[in-house]
Amino acid sequence: MGLQDIRNLSLEELVQYVRSVDENPYRATQVFEWLYKRGAGRFEAMENLPLGLRERLKKNWALSNPVVVSQAVSHDGTIKFLFELNDKERVETVLIPAASRKTVCVSTQAGCKFGCRFCASGIGGWRRDLSCAEILGQILHVKNITPGGLLSHIVFMGTGEPLDNYDNLLKVIRILNAPQGLHIAARRITISTCGLIPKIKQLAQEGLQLELAISLHGSNQETRTVLMPVNKKYPLDDLVRACRDYIRATKRQITFEYILIKDLTCTPRAAAELGQLLKGMLCKVNLIPYNKVEEFLYEPPSRRDIMTFQERLKALGVHATVRMPRGRDVAAACGQLRHSASF
Ligand code: SAH
């Protein structure tokens, strides 16, 4: 078996390790800062560590960086990266720059189990969970190539289902949060889920001020099941109840993502159902016009139908914004990320 990657350790675990080799615990903080604040990709670069410790680290731990196989820049400035991992699995990551923020959209699994009928990520099936180190590796690579090294927001909306890789996800989030780590506040980190109810309940107990986004997409049990097979296991009404409980427990607003598909989800009836479902809830709705994926037959609605849908929701007291696609020309928009992409 190869060595474990050092980026799979929390700060506490790193302290334990440093103690176990009879070094002063503050060395753990130094290593952590090298890894995350300064984005060091090699132990040799950790100059203020004693040579002996650097050598020991190298003997005990791997420090591997995902390799960029290709990258594509959209005309709107969005950059899509295709990374290859040690076992040749491939994942995509997207940097979405805007005037006031730099957002990285991160993958949490190679492939996806959930097979939503509009999403490219599920087409090749599920391959495996990504390790904590592999998730952080994506973020650190993007940070290192970003001028000033400042990333403001992280969204777990790439390939895979973040809550299906729960332990690694939470470990990553704590490293992102840590002042000695990347120091990105939980409020700037979004987890998007297809609706794994037990994990939503667990997340509510973590005491983190995260942004939670729920991929809703269907306004009734039948439509949601057609679009998202996971809705058979975790039905819509139970999901919405779990969301209400989550809001009560965390005092945080939830975002519902709702894909707009011509004649299916973008109808007057759907707007009325959605309004009823979300009535009185501390939430907002992100309307995502369907991005075309070749394998599926759906079509996006017209601009006018999109606006009408938004107006109807507004009239029902539901705050909704339309999310304009970014990076569509390089297949980096929502739902276009694939497990084994070629550019
Ligand atoms: N598994 C998580 C994370 C993926 S996030 C989840 O389901 O939330 C990706 C977001 O893009 C989700 O809201 C997803 O439903 C949406 N999406 C997927 N395919 C899309 C498509 N073709 N067009 C627009 N949005 C899509």
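The values are calculated or read from the model by the stated rules, or taken from the named source; none is laboratory data. Small disclaimer: the values here were computed from a predicted structure and weren't measured. Positions of Cβ are backbone-derived with ideal geometry, glycine not excepted, and every protein chain shown enters the neighbour counts. These accessible areas exclude ligands, DNA and RNA; they are computed on the full protein's heavy atoms, side chains included. Shrake-Rupley method; radii C 1.70, N 1.55, O 1.52, S 1.80 Å.
Screening the range 62-131 for strands (runs of 3 or more DSSP E) wholly inside it with 3 or more residues that are open to solvent by 20 Å² or more (accessible area, probe 1.4 Å), touching a Leu at 6+ places or on another chain (Cβ under 9 Å) and within 15 Å of the ligand (Cβ to nearest atom) returns no ranges.
For Gly148, which of the numbered conditions (1) part of a loop (DSSP other than H, G, I, E, B); (2) modelled with pLDDT under 95; (3) on the phi > 0 side of the Ramachandran plot fails to hold? It fails just one condition, (1). Of everything in the range 266-306 that's in a loop (DSSP other than H, G, I, E, B) and in contact with a strand residue (DSSP E or B) (Cβ under 8 Å, 6 or more places away or on another chain), which residue is surrounded by the most Cβ atoms within 10 Å (Cβ to Cβ)? Top of the filtered list is Leu278. The residues of the range 31-52 that are out of contact with any Phe, Trp or Tyr (no Cβ under 9 Å at 6 or more places or on another chain), part of a helix (DSSP H, G or I) and not charged (D, E, K, R), listed by number, are Phe32, Leu35, Tyr36, Leu51, Gly52. Exactly one residue out of Ser100, Ser192, Ser131 is modelled with pLDDT under 95 and of a type in the set (Ser, Thr, Tyr): that is Ser100.
Let's see how each residue does on (1) buried (at least 19 other Cβ atoms within 10 Å of the Cβ); (2) within 16 Å of the ligand (Cβ to nearest atom):
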{"site": "Gly160", "(1), (2)": "yes, yes"}
{"site": "Asp167", "(1), (2)": "no, no"}
{"site": "Ile184", "(1), (2)": "yes, no"}
{"site": "Arg188", "(1), (2)": "no, no"}
{"site": "Ile191", "(1), (2)": "yes, yes"}
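Conditions tested, residue by residue: (1) modelled with pLDDT of 95 or more; (2) within 30 Å of Gly124 (Cα to Cα); (3) within 16 Å of the ligand (Cβ to nearest atom); (4) aliphatic (A, V, I, L, M).
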position	(1), (2), (3), (4)
Arg244	yes, no, no, no
Gln253	yes, no, no, no
Leu264	yes, yes, yes, yes
Ala272	yes, no, no, yes
Pro301	yes, yes, yes, no
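For the residues Arg187, Arg244, the requirement of being over 17 Å from Phe156 (Cβ atoms) and without any contact (Cβ under 8 Å) to a residue 40 or more places away in the chain singles out Arg244.
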